[in-house]
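Trainee: My questions will all concern the structure given below.
The values are calculated or read from the model by the stated rules, or taken from the named source; none is laboratory data. Everything numeric in this text was worked out from a predicted model, so none of it was measured. Cβ: placed from backbone, ideal geometry, glycine included. Neighbour counts: every protein chain shown. These area figures cover heavy atoms from the full protein model, side chains too; ligands, DNA and RNA do not enter into them. Shrake-Rupley method; radii C 1.70, N 1.55, O 1.52, S 1.80 Å.
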Amino acid sequence: MSRQNQNLTSKLIAFIAVMCAVANVLGFFTIPIGIAEIHLMQLPIILTGLALGPGAGGLVGFIGAAVMAFRLRPPNPYLLIGNATLGFFAGLLYFRLKKIKGRPIVSQIISVLGAYIIQFPYVYLTDVYLMAMPSAMVLTVILPKLLVEDIISVLLAHFILFRVNISEVLR
């Protein structure tokens, strides 16, 4: 059996499936903040990316965004790839940065901000050119809201990861 197959346990598959389901459920709920509403669908995506790496984070991002993508009017299937990008790069950057000595929250926030920066042009281009949203709305509402949601999600993910070593639990 190859090394990849050895690491693919039933616990890991179940965890990824649960995180996909949680992300989809969180897509139904919003939290009003002033005139805007935020959702925490990114929490399981970021949590999985930070805990298990880019592959699992990208998979949860892709599958976990399905409800949100098709619940919007008009549906926005480009959210699937955008959230897969977030999960993949949050995991990839964190696996590179977590070796740095210091508090893990710093590496986690930097990883998610890096993933946001990578995701930014994709979200802008798909929303403006493929979904025909006004550029000003994407730049002043959607992208700043996404940044706030990502920061809140990484802070919540940090508190979970501080308490539970998910990769150890899944072995």
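Trainee: Which value, in debye to the nearest 20, describes the size of the charge dipole of the chain about its Cα centre when Lys and Arg Cβ atoms bear +1, Asp and Glu Cβ atoms bear -1, and nothing else is charged? Please report the intermediate quantities before stating the final value.
Mentor: On the way: 12 positive and 5 negative charges, 123 e Å.
Dipole magnitude for the chain comes out near 600 debye.
Trainee: Have a look at PHE88, LEU72, VAL164 and report the one farthest towards the positive end of the charge dipole of region 65-171, computed about the Cα centre with Cβ charges (Lys/Arg +1, Asp/Glu -1).
Mentor: My answer, from the dipole projection, is VAL164.
Trainee: Might you tell me the accessible area per residue for the chain, computed with a 1.4 Å probe and given in Å²?
Mentor: 55 Å²
Trainee: Label-point separation (nm) for ILE33 and ALA17, each offset 7 Å from Cα along Cα-to-Cβ?
Mentor: 3.4 nm
Trainee: Moving on. Non-local amide H neighbours of HIS39 (under 5 Å, H modeled in plane, Pro and chain starts lacking H): which ones?
Mentor: HN-HN under 5 Å from HIS39: ILE31.
Trainee: Something else: Can you give the local net charge around GLY114? Use residues other than it whose beta-carbon is closer than 14 angstrom to its beta-carbon, Lys and Arg +1, Asp and Glu -1. The partial results should precede the final answer.
Mentor: Numbers: positive: ARG96, LYS98; negative: ASP150.
So the surrounding residues net to +1.
Trainee: For the chain, which whole percent of the accessible surface, found with a 1.4 angstrom probe, sits on carbon and sulfur atoms?
Mentor: Details: 6770 of 9440 Å².
That share works out to 72 percent.
Trainee: Indicate the gyration tensor shape class of region 1-126 (rounded, prolate or oblate), computed on the Cα atoms with a ≥ b ≥ c the square roots of the eigenvalues: a/c under 1.5 is rounded; otherwise a/b larger than b/c is prolate and the rest oblate.
Mentor: Values: a/c = 1.79, a/b = 1.30, b/c = 1.38.
It is oblate, given that a/c is not under 1.5 and a/b is not larger than b/c.
Trainee: Could you run the Karplus curve 6.51 cos²θ - 1.76 cosθ + 1.60 with θ = phi - 60° over region 124-132 and give me ³J(HN,Hα) per residue in whole Hz, x for Gly and Pro?
Mentor: Values, residue by residue: 4, 5, 5, 5, 7, 8, 9, 9, 6 Hz.
Trainee: Tell me the mean residue ellipticity at 222 nm calculated for the chain from its helices only (DSSP H runs of n ≥ 4, each -39500 (n - 2.57), averaged over every residue, nearest 500).
Mentor: Details: 9 runs with 117 residues, N = 171.
Helices in the chain give a 222 nm mean residue ellipticity of -21500 deg cm²/dmol.
Trainee: From the phi of every residue in region 37-50, what ³J(HN,Hα) in whole Hz does the Karplus formula 6.51 cos²θ - 1.76 cosθ + 1.60 yield, where θ is phi - 60° and glycine or proline is x?
Mentor: Coupling constants for region 37-50: 10, 10, 10, 10, 4, 6, 4, x, 5, 5, 4, 5, x, 5 Hz.
Trainee: Within 13 Å, Cβ to Cβ, of LEU143, how many net charges do the neighbouring residues add up to if Lys/Arg are +1 and Asp/Glu are -1?
Mentor: Values: positive: LYS145; negative: ASP127, GLU149, ASP150.
So the environment of LEU143 carries a net charge of -2.
Trainee: Go through region 93-101 residue by residue and turn each phi into a ³J(HN,Hα) via Karplus (6.51, -1.76, 1.60, θ = phi - 60°); whole Hz please, and just put x for glycine and proline.
Mentor: Result, rounded to whole Hz: 5, 5, 5, 7, 8, 5, 6, 6, 5.
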